[in-house]
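Just so it is clear, none of the values below were taken in a lab; they were calculated from the coordinates. It should be emphasised that the depicted structure is a prediction, and the values quoted were computed from it without experimental measurement. Every residue, glycine among them, receives a Cβ derived from its backbone with ideal geometry; neighbour counts consider all protein chains shown.
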Amino acid sequence: MTLLHVGTLDQPAEAGRPRPGEPLLEVTGLCVDYGIGADAVHAVLDADLVLHRGEVLGLAGESGSGKSTFAYAATRLLRAPGVITGGSVLFHLGEGREIDLLAADEAQLRRLRWAHVAVVLQSAMHALNPVMSIGDQLGDVLRAHRPDMDRAARRDRAVQLLDMVGITADRLRSYPHELSGGMRQRVMIAMALALEPQMVIMDEPTTALDVVTQREILEELAALRDRLGFAVLFITHDLSLLIEIADSIAIMYGGRIAERAPATALFRAPRHPYTLGLLGSFPSLHGPRVHMTGIPGSPPDLRSPPAGCPFHPRCGYVMERCRTELPPLRPVGRADTQDPRVAACWLQDGSAPPPAELARPEPEPSPDPDPDPGPVPADTPADTEGGAA
Amino acid sequence: MTSPSTAAALPVTGTPVLEARSLVKHFRVHRRGRRTQRGAVVHAVDDVSLAVPEASITAVVGESGCGKSTLTQMLARLIRPTSGELLLDGSPAARRDAREYAGQVQMVLQDPFASLNLVHTVRYHLARPLRIHGLGPGGHSLDDEITSLLERVALSPQTADKYPHELSGGQRQRVAIARALAVRPRVLLADEPVSMLDVSIRLGVLNLLADLRERERLTLVYVTHDIASARYLGDTIAVMYAGQIIEQGPAATVTDQPSHPYTQLLLAAAPDPDRPSPPALRGRGAPPSLVNPPAGCRFHPRCPFAMAICAQQAPPSIEVASGHASACWLHAKDADPAMSQNPGPGPGPIPPTTASRPDSHPPQGEGT
């Protein structure tokens, strides 16, 4: 682990832009508490997750499952009383350069944020400054991180950014309240992409929007991702949406990762009972109308989490062992793939065949012409300056 | 064009428990901006007719701002319609005493964190409607009544002594439902009852509503933005757009064979993991301002199939199949783009036998 020199962060990331598929953010054993001492609530426990370059990684879970806490802690955006109590987070800048985010100081973080990692929040109305015009807010980002740009260049870039998300330049002088919810969220996305970050965290970016607007924004996001090649950590409670847009999905429950798998594999062949239950909680738009049951009970109270597996009080397959022993996150299914899927369930420990619902055959890994997590077309404009990479 | 018949309405058979006839709600705009003339009104709900039969579940689906909550509030008599008629058991609701009406038609609100009083126990919430409506303990004690209410919503009797903050979101919403049931209503209006709840417990509440209909013949109006849950719970679906009902029919038919371009758009945009490839959205953009809604069909500025007539005349309600109505010119029997003839406002529904029934996608005619 090389702790990065502060100066190197300022070098443009485009030089020798790394190929997609390599790890970008590596989180190992991350633990986050709210509060200190005996009363501390363990919001994230021993979470491991790898985000690859150019990948859309969905992080799904119910409220209180720790998904937002995980993302904010991993990028050091967590505020008190949140405390990171353990683990490591490595951010790979490319060319073997990496930075330990948990050890980084404020100056390093300041350079890293927005330039390499940007965030889009759920409530654009609250994330945007109500007394500054859209143009000024976009310019603010550029002024802070690109001191060499002059006013005209900043304005040009702001126009370009708004154009990228389908907003005309005459909106530069608008204030947030003059924009619709969808436009505000587009402005947030434009701001997040202002410095062409390698990673964008999206925390429920479309939850407050209507379905048509949501779909439009997700389409734009997919097109921008294909063009610019950034990775997305997409946090949402809407698993049915995530299956459509994400390359792979991690399911969180009670502060722990319950399962992580490629999106189609997770949908067609879940390995964790909680995933199975979640998938059975979304009524379908097709086929016969069948009675669905959801998941009995309610999410765990993190102040007094259940012993053993956090899901055991609601699990239909609960065994004696689940009540006392915590299942580790272990590989399930194909072992030959580069990034094997994992699940934390005693049913999958190999001692006995799991129930049929949790042992459905996995779909073929590349059923569509878009197999690679993180497709970056060869003729990406943003890549051209990288030369013959 | 003067007050054309626009909303998709179905012929009413029998006496519905609750019936809305051409309900209109206009809100006056009080702002005196430069661009807003005095006397401007928001056309929140325009000419909505809806018949809710006994022991049925009617799902009202629409995006934010389409008027679905305004409609619900009119159905609950919380706000007075600008015009139109509301009938309970075939007699005008306006003539009834407000409390008596509330004893028949109750409402469950979206946010159980806001709709319960946090300084009072569950017992207080359930006892209060009983007292107000003079339904105090008859032969048995108040506690028995409260216990039975809690049992009907699958909560334990111990819940009665808890405060709202001690309950989970799903439990709170069950308390809100129990409170509505306390006065033994016949109609329950549920305005987005599960949208604030965690996904894994939403189905539990939806199934509870379905059970209440099944066991107690309760009539339900389920208002939601989620067309998938409307399909799951509803017998019929009414789709609202810009203050009007643009399509209504049996739940599975409306979602499997949507006849209005807006319903098709809504379905294309809805999350669907089974979809093999990303959907093609036809009719991008946002709903219109309801201060100056577009003339003719309110969806025409976005509609991929818009014809000349759509901008001029509001479409009548056309029965595309038995029990399935759509307010769209595409389904008019003699819909030709020239549209020289000038049908009066709201021609009668075309009989099902002659109604042309297109496939799930109306004629192609990409953006005129």
Q: Under 17 Å Cα to Cα from B:Lys162, which aspartates and glutamates show up? Leave out anything in the same chain fewer than 8 places away.
A: A:Asp301, B:Asp143, B:Asp144, B:Glu145, B:Glu151
Q: Estimate the FRET efficiency between B:Ile132 and A:Ala153 by the formula 1/(1 + (r/R0)^6), using the beta-carbon distance for r and 51 Å for R0, to the nearest 0.05.
A: 0.15
Q: With all distinct Cα pairs included, what does the Kirkwood hydrodynamic radius of the range B:44-191 come out to in Å, to one decimal, could you say?
A: 16.6 Å
Q. Computed over the Cα atoms of the range B:242-282, what is the convex hull's projected area averaged over all directions, in nm²?
A. 3.4 nm²
(Q) Going Cα to Cα from B:Lys25, which lysines come in below 18 Å? Please leave out same-chain ones fewer than 8 positions away. (A) B:Lys68
Q) What fraction, in whole percent, of alpha-carbon pairs in the range A:86-202 exceed 21 Å separation? A) 41 percent
Q) Rg/Rh for the range A:264-323: what does it come to with C-alpha atoms and Rh from Kirkwood? A) 1.03
(Q) Give me the one-decimal Kirkwood hydrodynamic radius in Å for the range B:165-269, with the sum taken over alpha-carbon pairs. (A) 14.8 Å
Q | Helix-only mean residue ellipticity at 222 nm for the protein assembly as shown, each DSSP H run of n ≥ 4 adding -39500 (n - 2.57), per residue, nearest 500 | A | -7500 deg cm²/dmol
Q: Could you state the angle between the C-alpha long axis of helix B:199-216 and the longest principal axis of the C-alpha atoms of chain B, as a value from 0 to 90 degrees rounded to the nearest 10?
A: 80 degrees
Q: For every other residue with a beta carbon closer than 13 angstrom to the beta carbon of B:Ile246, add +1 if it is Lys or Arg and -1 if Asp or Glu, then tell me the sum.
A: -1
**Q.** Rg ratio (alpha-carbon, reference 2.2 N^0.38 Å) - the range A:18-77
**A.** 1.27
(Q) Can you tell me, using C-alpha contacts under 8 Å and at least 6 residues apart, the relative contact order of chain B as a whole percent? (A) 22 percent
Q) Can you give the extra length, in nm with one decimal, that the chain gains between B:Thr13 and B:Ala295 once fully stretched, where that is 0.36 nm per residue apart less the Cα-Cα distance? A) 98.4 nm
Q. For chain A, modelled as a GNM with alpha-carbon contacts under 10 angstrom, which of A:Ala192, A:Ala158, A:Ala144 fluctuates the most?
A. A:Ala144
(Q) Taking 2.2 N^0.38 Å as the expected size of a compact globular protein, what ratio does the Cα radius of gyration of the protein assembly as shown give against it, to two decimals? (A) 1.01
Q) If you add up the charges near B:Ala102, with Lys and Arg at +1 and Asp and Glu at -1, over every other residue whose beta carbon is less than 11 angstrom from its beta carbon, what do you get? A) +1
**Q.** Shape parameters for chain A, alpha-carbon atoms, Rg then Dmax in Å
**A.** 21.4, 68
Q) Could you give the alpha-carbon Rg of the range A:188-292 over 2.2 N^0.38 Å, rounded to two decimals? A) 1.17
Q | Contact order relative to length of the range A:130-236, as percent, for alpha carbon pairs under 8 angstrom and 6 or more apart | A | 28 percent
Q. Taking chain A as a Gaussian network, Cα atoms linked when under 10 Å apart, which of A:Gly287, A:Gly82, A:Gly166 shows the biggest mean-square fluctuation?
A. A:Gly287
Q: Assuming 1.002 mPa s and 20 °C, estimate D for the range A:200-358 with Stokes-Einstein, Rh taken as the Kirkwood radius over Cα pairs, in µm²/s.
A: 124 µm²/s
Q: With r as the distance between the Cβ atoms of B:Ser322 and B:Asp274 and R0 = 30 Å, compute the FRET efficiency 1/(1 + (r/R0)^6) and round to 0.05.
A: 0.60
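Relative contact order of chain A: what whole-number percent is it, with Cα pairs under 8 angstrom and at least 6 residues apart?
20 percent
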**Q.** Normalised per residue, the volume of the convex hull around the Cα set of the range B:91-166 (Å³)
**A.** 126 Å³
Q. Per residue, what volume in Å³ does the convex hull of the Cα atoms of the range B:193-326 enclose?
A. 138 Å³
Q | Listed residues B:Arg77, B:Arg28, B:Arg174, most fluctuating in chain B (Gaussian network, C-alpha, under 10 Å) | A | B:Arg28
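I need the calculated FRET efficiency for the pair A:Thr85 and A:Asp140, taking r as the beta carbon distance and R₀ as 41 Å, to the nearest 0.05.
Taking R0 as 41 Å, the efficiency between A:Thr85 and A:Asp140 is 0.75.
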